[in-house]
Amino acid sequence: MAASAERNVGGVEKAAVEEEPRVLEPGAAPFGNFPHYSRFHSPEQRLRLLPPELLSRLFPQGPETKPILGLDVGCNSGDLSVALYKHFLSLREGETCLDASRELRLLCCDIDPVLVERAEKECPFPDALTFITLDFMNQRNRKVLLGSFLSQFGRSVFDIGFCMSITMWIHLNHGDHGLWEFLAHLSSLCHYLLVEPQPWKCYRTAARRLRKLGLHDFDHFRSLAIRGDMANQIVKILTQDHGMELVCCFGNTSWDRSLLLFRAKQTTETHPIPESLIEGKERNRLRSWR
């Protein structure tokens, strides 16, 4: 897979993807870039746990309405990105909203240019969702591409970030420090952060798949010190090291992954936590770590 000439889409510089056929064996996706991810982890499993009015409760719109800006890291082919957009705007199947892009704009990135190209082609809301190829761990490219998007709105950070089943792939490919850095970057870029961590059993499964295919094991798998209850580990990193607080857990998917909502502590005055979330906060925390 190669990238060629630069082009500009939606105000963000992007790499044009050269057409190149590929056949990816099941499990041979060392960055989690499965070509048909939504077939075995459907968006609906996450959506049923998330209240459709979540964003409107977190970001009440005033008379001078500005779009809510979201960052979706590891968007794959965009199925979940589109589903989240429709869910939070309460759009039915096939329904569009002329003013929707004024309410919510999503920047969706993935390391795989083939998946990003597919997402762009199939997205029903091209004015509201921008897809870019980005290795989020590349500091220079991250700064340029995210900064380009944010500058269109006169912003320096996103209102909310989505990190859905990405933490394991960062951890396996970049080690303990890489995971710590990844969460540091995300927390500095977003007022709120919705994280779906993979449990430790998924790490073992990912490593086993590579071995079955005769491929090299993940460089860091056997040396990882951060292991065990990964949801709890990520809560500790974000709350103890990166200045965020756990707002609530929305429950677990059918494949046993928690949906955790965090908030940057410095956003307390400008983005107070809705009372409805505060009431169930302790209950949901306890349910998360049972």
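The values are calculated or read from the model by the stated rules, or taken from the named source; none is laboratory data. Note that the structure is a prediction, hence the values are computed from the model and not measured. As a convention, Cβ positions derive from the backbone with ideal geometry for all residues, glycine included, and neighbour counts pool all protein chains shown. For the accessible areas, the whole protein counts, side chains as well, though only heavy atoms, and no ligand, DNA or RNA atoms are used. Shrake-Rupley method; radii C 1.70, N 1.55, O 1.52, S 1.80 Å.
Out of the residues in segment 109-134 meeting the condition of being in a loop (DSSP other than H, G, I, E, B) and of a type in the set (D, E, K, R), tell me which one is surrounded by the fewest Cβ atoms within 10 Å (Cβ to Cβ).
Filtering first and then ranking leaves 127.
Which ones in segment 69-83 are within 17 Å of residue 42 (Cβ to Cβ) and either open to solvent by 20 Å² or more (accessible area, probe 1.4 Å) or of a type in the set (A, V, I, L, M, F, W, C) (or both)?
Correct list: 74, 75, 79, 80, 82, 83.
Under 8 Å between Cβ atoms, at least 6 apart or on separate chains: pull out the pairs that start in segment 189-203 with a residue that is at positive phi and end on any residue that is surrounded by fewer than 19 Cβ atoms within 10 Å (Cβ to Cβ) and part of a loop (DSSP other than H, G, I, E, B).
Nothing qualifies.
Restricted to segment 132-151, and to residues that are touching a Leu at 6+ places or on another chain (Cβ under 8 Å) and touching a residue at least 40 places away in the same chain (Cβ under 8 Å), which residue is nearest to residue 84 (Cα to Cα)? Spell out the reasoning first.
As a first pass, look at segment 132-151 and keep what is touching a Leu at 6+ places or on another chain (Cβ under 8 Å): 132, 134, 141-142, 145-146, 149-150.
Now drop any that are not touching a residue at least 40 places away in the same chain (Cβ under 8 Å), which leaves 132, 142, 145-146, 149-150.
Values: 132: 17, 142: 23, 145: 22, 146: 20, 149: 19, 150: 20 Å.
Going through the qualifying residues, I end up with 132.
Would you point out which residue out of 31, 40 is more than 17 Å from residue 123 (Cβ to Cβ), modelled with pLDDT of 75 or more and of a type in the set (Phe, Trp, Tyr)?
So the residue among 31, 40 that is more than 17 Å from residue 123 (Cβ to Cβ), modelled with pLDDT of 75 or more and of a type in the set (Phe, Trp, Tyr) is 31.
Among all residue pairs at least 6 apart or on different chains, which show Cβ distances below 6 Å where the first residue, located in segment 68-85, is touching a residue at least 12 places away in the same chain (Cβ under 8 Å) and the second is open to solvent by less than 10 Å² (accessible area, probe 1.4 Å) and in a helix (DSSP H, G or I)?
68/55; 72/81; 75/81; 76/115; 77/115; 77/119; 78/119
Can you pull out every residue in segment 226-251 that is without any contact (Cβ under 8 Å) to a residue 60 or more places away in the chain and touching a strand residue (DSSP E or B) at 6+ places or on another chain (Cβ under 7 Å)?
Once the filter is applied, which keeps residues that are without any contact (Cβ under 8 Å) to a residue 60 or more places away in the chain and touching a strand residue (DSSP E or B) at 6+ places or on another chain (Cβ under 7 Å), segment 226-251 yields 231, 235, 238, 239, 243, 244, 245, 246, 247, 248, 249.
Taking segment 104-137, which residues are of a type in the set (Val, Ile, Thr) and touching a Pro at 6+ places or on another chain (Cβ under 7 Å)?
The one that is of a type in the set (Val, Ile, Thr) and touching a Pro at 6+ places or on another chain (Cβ under 7 Å): 133.
When you check residue 195 against the structure, is it surrounded by 17 or more Cβ atoms within 10 Å (Cβ to Cβ), among the β-branched types (Val, Ile, Thr), under 15 Å from the mean Cα position of the chain (by Cα) and assigned to a strand (DSSP E or B), yes or no?
When the stated conditions are applied, residue 195 passes them.
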